[in-house]
1. Please identify which residues in region 61-85 have an amide N closer than 14 Å to a label point set 7 Å out from the Cα of Phe40, following the Cα→Cβ vector.
2. So, counting K/R as plus one and D/E as minus one, what does the shell of residues with Cβ under 14 Å around Gly311 add up to?
3. How much mean residue ellipticity at 222 nm does the chain get from its helices, if each DSSP H run of length 4 or more adds -39500 (n - 2.57) and you divide by all residues, to the nearest 500 deg cm²/dmol?
4. Roll a 1.4 angstrom probe over the protein heavy atoms and tell me the percent of accessible area of region 17-63 that is carbon or sulfur.
5. May I ask you to derive the relative contact order of the chain, considering only C-alpha pairs under 8 Å and at least 6 residues apart, and to give it as an integer percent?
6. How large is ³J(HN,Hα) for each residue in region 288-305, as worked out from phi by the Karplus curve 6.51 cos²θ - 1.76 cosθ + 1.60 (θ = phi - 60°), to whole Hz, x for Gly and Pro?
7. If I model a spin label at Arg163 and Ala283 as a point 7 Å from the Cα along the Cα→Cβ vector, what separation in nanometres do I get?
8. Given a 1.4 angstrom probe, what's the average accessible area per residue across region 84-145, in square angstrom?
Amino acid sequence: MPRPAGFSWPWGEVLALLDGAAPGARVLNLETSVTRCGDFSPGKAIHYRMNPPNVPCLSAARPDVCVLANNHVLDFGPRGLEETLDTLADAGLRTAGAGRDEQEARRPAVVPVGAGGRVLVFSFGMPSSGIPRGWAATDVRPGVDLVAEATDAAAAAVAGRVRRAKQQGGRSRRFGPLGGRTGATTSPATRSVSRTPWSTAASTSSTGTPRTTPRPIEVYRGKLVLYGCGDFIDDYEGITGYEQYRDDLRLAYFASADPDTGALTDLRMAPLQARRLRLERAAHQDAEWLGRVLGRIGGRFGTRCDTGPDGELVLRWA
(Lines give C-alpha, C1' and ligand atoms only; values in the text may rest on other atoms or scores of the structure.)
Protein backbone atom coordinates (compact mmCIF):
# COMPACT_ATOMS: atom_id res chain seq x y z
CA MET A 1 0.00 0.00 0.00
CA PRO A 2 1.24 3.55 -0.58
CA ARG A 3 3.08 5.45 2.12
CA PRO A 4 1.64 7.80 3.02
CA ALA A 5 -1.85 6.65 2.10
CA GLY A 6 -4.62 9.15 1.42
CA PHE A 7 -7.51 9.54 3.85
CA SER A 8 -9.85 7.70 1.49
CA TRP A 9 -7.58 4.65 1.17
CA PRO A 10 -9.39 2.36 3.71
CA TRP A 11 -12.73 2.80 1.92
CA GLY A 12 -11.36 1.67 -1.44
CA GLU A 13 -14.18 0.80 -3.85
CA VAL A 14 -16.89 1.58 -1.28
CA LEU A 15 -16.96 5.28 -2.12
CA ALA A 16 -18.03 4.62 -5.70
CA LEU A 17 -20.66 2.15 -4.43
CA LEU A 18 -22.08 4.79 -2.09
CA ASP A 19 -22.18 7.43 -4.78
CA GLY A 20 -23.89 5.03 -7.16
CA ALA A 21 -26.52 3.99 -4.61
CA ALA A 22 -27.05 7.58 -3.40
CA PRO A 23 -28.60 6.51 -0.06
CA GLY A 24 -30.81 8.98 1.76
CA ALA A 25 -28.89 8.37 4.98
CA ARG A 26 -25.42 6.96 5.53
CA VAL A 27 -24.98 5.49 9.01
CA LEU A 28 -21.90 3.85 10.48
CA ASN A 29 -20.92 2.46 13.86
CA LEU A 30 -17.77 4.25 15.02
CA GLU A 31 -16.25 1.69 17.36
CA THR A 32 -13.43 3.81 18.74
CA SER A 33 -12.74 6.94 20.69
CA VAL A 34 -11.29 9.90 18.76
CA THR A 35 -8.86 11.40 21.22
CA ARG A 36 -5.30 12.03 22.29
CA CYS A 37 -6.29 11.45 25.92
CA GLY A 38 -4.19 8.91 27.81
CA ASP A 39 -6.73 7.97 30.51
CA PHE A 40 -6.87 4.25 29.79
CA SER A 41 -10.14 2.81 31.07
CA PRO A 42 -9.29 0.28 33.81
CA GLY A 43 -10.24 -3.37 33.54
CA LYS A 44 -10.26 -3.53 29.73
CA ALA A 45 -7.94 -5.74 27.73
CA ILE A 46 -8.16 -3.71 24.52
CA HIS A 47 -8.35 0.06 24.10
CA TYR A 48 -9.12 1.72 20.76
CA ARG A 49 -8.46 5.31 19.85
CA MET A 50 -8.10 7.32 16.68
CA ASN A 51 -5.97 10.43 16.42
CA PRO A 52 -8.28 13.43 15.83
CA PRO A 53 -6.27 14.63 12.77
CA ASN A 54 -7.33 11.38 11.05
CA VAL A 55 -11.04 12.27 11.15
CA PRO A 56 -10.93 12.98 7.37
CA CYS A 57 -10.83 9.17 7.04
CA LEU A 58 -14.42 9.22 8.29
CA SER A 59 -15.44 12.31 6.37
CA ALA A 60 -14.28 10.69 3.12
CA ALA A 61 -17.43 8.51 3.14
CA ARG A 62 -19.69 11.47 4.01
CA PRO A 63 -21.55 9.68 6.83
CA ASP A 64 -24.73 11.30 8.05
CA VAL A 65 -24.52 9.70 11.51
CA CYS A 66 -21.82 8.03 13.60
CA VAL A 67 -23.45 5.82 16.23
CA LEU A 68 -21.40 5.63 19.42
CA ALA A 69 -23.16 3.32 21.90
CA ASN A 70 -20.48 0.64 21.80
CA ASN A 71 -17.84 -0.94 24.01
CA HIS A 72 -14.89 1.24 22.91
CA VAL A 73 -16.11 4.84 22.80
CA LEU A 74 -15.10 5.34 26.47
CA ASP A 75 -11.84 3.41 26.29
CA PHE A 76 -10.13 6.63 27.37
CA GLY A 77 -12.64 7.73 29.94
CA PRO A 78 -14.97 10.72 30.10
CA ARG A 79 -12.29 13.12 28.86
CA GLY A 80 -11.70 10.91 25.84
CA LEU A 81 -15.42 10.76 25.13
CA GLU A 82 -15.82 14.52 25.37
CA GLU A 83 -12.91 15.04 22.96
CA THR A 84 -14.50 12.48 20.65
CA LEU A 85 -17.81 14.38 20.67
CA ASP A 86 -16.08 17.73 20.13
CA THR A 87 -13.90 16.41 17.30
CA LEU A 88 -16.81 14.84 15.44
CA ALA A 89 -18.95 17.95 15.90
CA ASP A 90 -16.15 20.16 14.58
CA ALA A 91 -16.02 17.91 11.50
CA GLY A 92 -19.76 18.35 10.97
CA LEU A 93 -20.56 14.71 11.81
CA ARG A 94 -23.77 13.90 13.68
CA THR A 95 -23.65 11.39 16.54
CA ALA A 96 -26.12 9.24 18.45
CA GLY A 97 -25.84 6.99 21.49
CA ALA A 98 -23.32 8.87 23.64
CA GLY A 99 -23.18 12.30 25.23
CA ARG A 100 -22.06 14.56 28.03
CA ASP A 101 -25.11 13.53 30.03
CA GLU A 102 -28.04 11.13 29.76
CA GLN A 103 -30.23 13.56 27.88
CA GLU A 104 -27.63 14.08 25.15
CA ALA A 105 -26.80 10.36 24.96
CA ARG A 106 -30.47 9.49 24.40
CA ARG A 107 -31.10 12.18 21.81
CA PRO A 108 -31.59 10.74 18.30
CA ALA A 109 -29.63 12.10 15.39
CA VAL A 110 -31.91 13.76 12.84
CA VAL A 111 -31.11 13.39 9.13
CA PRO A 112 -33.16 15.45 6.64
CA VAL A 113 -34.28 13.38 3.63
CA GLY A 114 -36.40 14.07 0.59
CA ALA A 115 -38.94 16.87 0.54
CA GLY A 116 -39.28 17.78 4.19
CA GLY A 117 -38.76 14.25 5.51
CA ARG A 118 -36.28 13.09 8.12
CA VAL A 119 -34.71 9.93 9.50
CA LEU A 120 -34.27 9.57 13.27
CA VAL A 121 -31.27 7.48 14.31
CA PHE A 122 -31.23 6.05 17.84
CA SER A 123 -28.26 4.18 19.29
CA PHE A 124 -27.90 2.25 22.53
CA GLY A 125 -25.86 -0.61 23.87
CA MET A 126 -26.10 -3.43 26.38
CA PRO A 127 -23.65 -5.00 28.85
CA SER A 128 -23.79 -8.27 26.86
CA SER A 129 -21.73 -6.57 24.13
CA GLY A 130 -18.96 -5.67 26.59
CA ILE A 131 -20.10 -2.19 27.62
CA PRO A 132 -19.29 -1.71 31.33
CA ARG A 133 -22.35 -0.72 33.36
CA GLY A 134 -20.37 2.20 34.74
CA TRP A 135 -20.28 3.71 31.24
CA ALA A 136 -23.98 4.56 31.37
CA ALA A 137 -24.62 8.28 30.95
CA THR A 138 -26.35 9.98 33.90
CA ASP A 139 -27.50 13.49 34.72
CA VAL A 140 -24.00 14.30 35.96
CA ARG A 141 -21.76 11.89 34.01
CA PRO A 142 -20.84 11.51 30.33
CA GLY A 143 -21.46 8.10 28.85
CA VAL A 144 -23.47 5.94 26.50
CA ASP A 145 -27.17 5.24 26.26
CA LEU A 146 -27.12 1.91 28.10
CA VAL A 147 -30.00 -0.55 28.32
CA ALA A 148 -29.06 -2.52 31.41
CA GLU A 149 -31.08 -5.69 30.76
CA ALA A 150 -32.77 -7.48 27.87
CA THR A 151 -36.29 -7.44 29.29
CA ASP A 152 -39.74 -6.73 27.90
CA ALA A 153 -39.86 -3.63 30.09
CA ALA A 154 -36.59 -2.35 28.66
CA ALA A 155 -37.79 -2.95 25.10
CA ALA A 156 -41.07 -1.19 25.86
CA ALA A 157 -39.18 1.80 27.27
CA VAL A 158 -37.11 2.07 24.10
CA ALA A 159 -40.27 1.76 22.01
CA GLY A 160 -41.84 4.59 23.98
CA ARG A 161 -38.90 6.86 23.31
CA VAL A 162 -38.99 6.04 19.60
CA ARG A 163 -42.74 6.59 19.46
CA ARG A 164 -42.56 9.97 21.16
CA ALA A 165 -39.84 11.14 18.80
CA LYS A 166 -41.77 9.88 15.78
CA GLN A 167 -44.87 11.84 16.80
CA GLN A 168 -43.01 14.88 15.53
CA GLY A 169 -42.53 13.15 12.18
CA GLY A 170 -39.77 10.98 10.79
CA ARG A 171 -38.70 7.42 10.08
CA SER A 172 -36.48 5.82 12.68
CA ARG A 173 -33.53 3.50 12.68
CA ARG A 174 -32.01 1.96 15.77
CA PHE A 175 -28.50 0.65 16.27
CA GLY A 176 -27.29 -1.22 19.34
CA PRO A 177 -24.52 -3.64 20.28
CA LEU A 178 -26.46 -6.56 21.72
CA GLY A 179 -24.19 -9.57 22.19
CA GLY A 180 -21.02 -11.52 21.45
CA ARG A 181 -18.48 -10.89 18.72
CA THR A 182 -18.36 -14.07 16.62
CA GLY A 183 -20.61 -16.94 15.56
CA ALA A 184 -24.06 -16.99 14.02
CA THR A 185 -26.44 -17.56 16.93
CA THR A 186 -28.82 -15.03 18.48
CA SER A 187 -30.28 -15.39 21.96
CA PRO A 188 -34.04 -15.16 22.67
CA ALA A 189 -33.40 -12.05 24.77
CA THR A 190 -31.54 -10.37 21.93
CA ARG A 191 -34.34 -11.18 19.51
CA SER A 192 -36.95 -9.82 21.92
CA VAL A 193 -35.20 -6.48 22.39
CA SER A 194 -34.49 -6.18 18.66
CA ARG A 195 -38.06 -6.92 17.60
CA THR A 196 -40.31 -5.27 20.17
CA PRO A 197 -39.74 -1.59 19.39
CA TRP A 198 -40.28 -2.19 15.69
CA SER A 199 -43.61 -3.89 16.08
CA THR A 200 -44.91 -1.25 18.48
CA ALA A 201 -43.34 1.94 17.17
CA ALA A 202 -43.56 1.35 13.40
CA SER A 203 -39.87 1.93 12.98
CA THR A 204 -37.85 1.20 9.90
CA SER A 205 -34.98 -1.03 10.96
CA SER A 206 -32.99 -2.40 13.87
CA THR A 207 -29.32 -3.23 13.73
CA GLY A 208 -27.29 -5.07 16.33
CA THR A 209 -23.73 -3.93 15.79
CA PRO A 210 -20.81 -4.48 15.98
CA ARG A 211 -19.93 -8.06 15.03
CA THR A 212 -16.75 -9.43 13.52
CA THR A 213 -18.91 -11.51 11.17
CA PRO A 214 -22.48 -11.08 9.86
CA ARG A 215 -25.39 -12.49 11.87
CA PRO A 216 -28.87 -13.54 10.70
CA ILE A 217 -31.25 -11.18 8.92
CA GLU A 218 -34.95 -11.10 9.80
CA VAL A 219 -37.95 -9.23 8.42
CA TYR A 220 -40.26 -8.98 11.44
CA ARG A 221 -43.77 -7.65 10.75
CA GLY A 222 -42.38 -6.06 7.64
CA LYS A 223 -39.47 -4.33 9.41
CA LEU A 224 -35.80 -5.11 8.83
CA VAL A 225 -33.79 -6.56 11.73
CA LEU A 226 -30.05 -7.05 11.18
CA TYR A 227 -28.73 -9.01 14.16
CA GLY A 228 -25.17 -8.10 13.29
CA CYS A 229 -23.57 -6.46 10.28
CA GLY A 230 -20.02 -7.68 10.77
CA ASP A 231 -16.93 -5.49 10.87
CA PHE A 232 -16.36 -3.18 7.94
CA ILE A 233 -13.12 -1.20 8.24
CA ASP A 234 -10.53 -2.34 10.78
CA ASP A 235 -6.86 -3.24 11.10
CA TYR A 236 -7.31 -6.98 11.80
CA GLU A 237 -5.90 -8.07 8.46
CA GLY A 238 -3.22 -10.70 8.96
CA ILE A 239 -4.35 -11.83 12.42
CA THR A 240 -4.58 -15.62 12.34
CA GLY A 241 -6.79 -18.09 14.20
CA TYR A 242 -10.18 -16.94 12.90
CA GLU A 243 -10.00 -18.05 9.29
CA GLN A 244 -13.21 -20.11 9.55
CA TYR A 245 -15.19 -16.90 9.97
CA ARG A 246 -13.74 -15.33 6.81
CA ASP A 247 -13.51 -11.99 8.57
CA ASP A 248 -11.72 -10.62 5.51
CA LEU A 249 -15.13 -10.54 3.82
CA ARG A 250 -17.34 -7.54 4.58
CA LEU A 251 -20.82 -6.37 3.58
CA ALA A 252 -22.18 -2.92 2.75
CA TYR A 253 -25.95 -2.87 3.38
CA PHE A 254 -28.33 -0.83 1.22
CA ALA A 255 -31.89 -0.97 2.55
CA SER A 256 -35.01 0.63 1.07
CA ALA A 257 -38.27 1.05 2.95
CA ASP A 258 -41.77 2.36 2.34
CA PRO A 259 -41.70 6.02 3.47
CA ASP A 260 -45.16 5.82 5.05
CA THR A 261 -45.08 2.47 6.85
CA GLY A 262 -41.37 1.79 7.26
CA ALA A 263 -41.87 -1.67 5.74
CA LEU A 264 -38.81 -3.09 4.03
CA THR A 265 -39.08 -3.07 0.25
CA ASP A 266 -35.55 -4.09 -0.72
CA LEU A 267 -32.23 -5.03 0.85
CA ARG A 268 -29.13 -5.33 -1.27
CA MET A 269 -25.67 -6.10 0.04
CA ALA A 270 -22.34 -5.49 -1.66
CA PRO A 271 -19.73 -8.15 -0.71
CA LEU A 272 -16.26 -6.71 -0.19
CA GLN A 273 -12.86 -8.03 0.80
CA ALA A 274 -10.21 -6.33 2.91
CA ARG A 275 -6.83 -6.39 1.16
CA ARG A 276 -3.89 -4.15 2.03
CA LEU A 277 -6.15 -2.40 4.59
CA ARG A 278 -8.48 -1.39 1.75
CA LEU A 279 -11.95 -2.62 0.72
CA GLU A 280 -12.29 -4.10 -2.75
CA ARG A 281 -15.07 -5.96 -4.49
CA ALA A 282 -15.11 -9.60 -3.39
CA ALA A 283 -14.66 -12.37 -5.93
CA HIS A 284 -17.87 -13.95 -7.22
CA GLN A 285 -17.19 -17.23 -5.40
CA ASP A 286 -16.71 -15.36 -2.13
CA ALA A 287 -19.98 -13.48 -2.67
CA GLU A 288 -21.74 -16.79 -3.25
CA TRP A 289 -20.18 -18.20 -0.07
CA LEU A 290 -21.47 -15.23 1.93
CA GLY A 291 -24.90 -15.69 0.40
CA ARG A 292 -24.95 -19.35 1.42
CA VAL A 293 -23.91 -18.49 4.98
CA LEU A 294 -26.60 -15.83 5.31
CA GLY A 295 -29.18 -18.22 3.88
CA ARG A 296 -28.19 -20.98 6.29
CA ILE A 297 -28.24 -18.84 9.43
CA GLY A 298 -31.32 -16.89 8.31
CA GLY A 299 -33.35 -19.96 7.40
CA ARG A 300 -35.23 -20.07 10.69
CA PHE A 301 -36.34 -16.48 10.03
CA GLY A 302 -37.47 -17.25 6.50
CA THR A 303 -34.73 -15.23 4.81
CA ARG A 304 -32.22 -16.17 2.13
CA CYS A 305 -29.99 -14.38 -0.35
CA ASP A 306 -29.75 -14.56 -4.12
CA THR A 307 -26.49 -13.69 -5.84
CA GLY A 308 -26.69 -11.40 -8.85
CA PRO A 309 -24.36 -11.53 -11.86
CA ASP A 310 -22.30 -8.67 -10.38
CA GLY A 311 -21.91 -10.51 -7.06
CA GLU A 312 -24.47 -8.35 -5.27
CA LEU A 313 -26.58 -10.17 -2.67
CA VAL A 314 -30.35 -9.61 -2.66
CA LEU A 315 -32.45 -10.54 0.38
CA ARG A 316 -35.52 -12.72 -0.15
CA TRP A 317 -38.04 -13.22 2.64
CA ALA A 318 -41.35 -14.94 3.18
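The values are calculated or read from the model by the stated rules, or taken from the named source; none is laboratory data. Everything quoted here is computed from the prediction, not taken from an experiment. Ideal geometry is used to build each Cβ from the backbone, glycine not excepted, and the neighbour counts take in all protein chains shown. Ligands, DNA and RNA are excluded from the accessible area calculation, which covers all protein heavy atoms including side chains. Shrake-Rupley method; radii C 1.70, N 1.55, O 1.52, S 1.80 Å.
1. So the set is 75-77.
2. Charge balance in the 14 Å sphere: -3.
3. -7000 deg cm²/dmol
4. 54 percent
5. 12 percent
6. 5, 4, 4, x, 5, 4, 5, x, 5, 7, x, x, 5, 9, x, 10, 8, 10
7. Reported label-point gap for Arg163 and Ala283 is 5.2 nm.
8. On a per-residue basis, region 84-145 sits at 43 Å².
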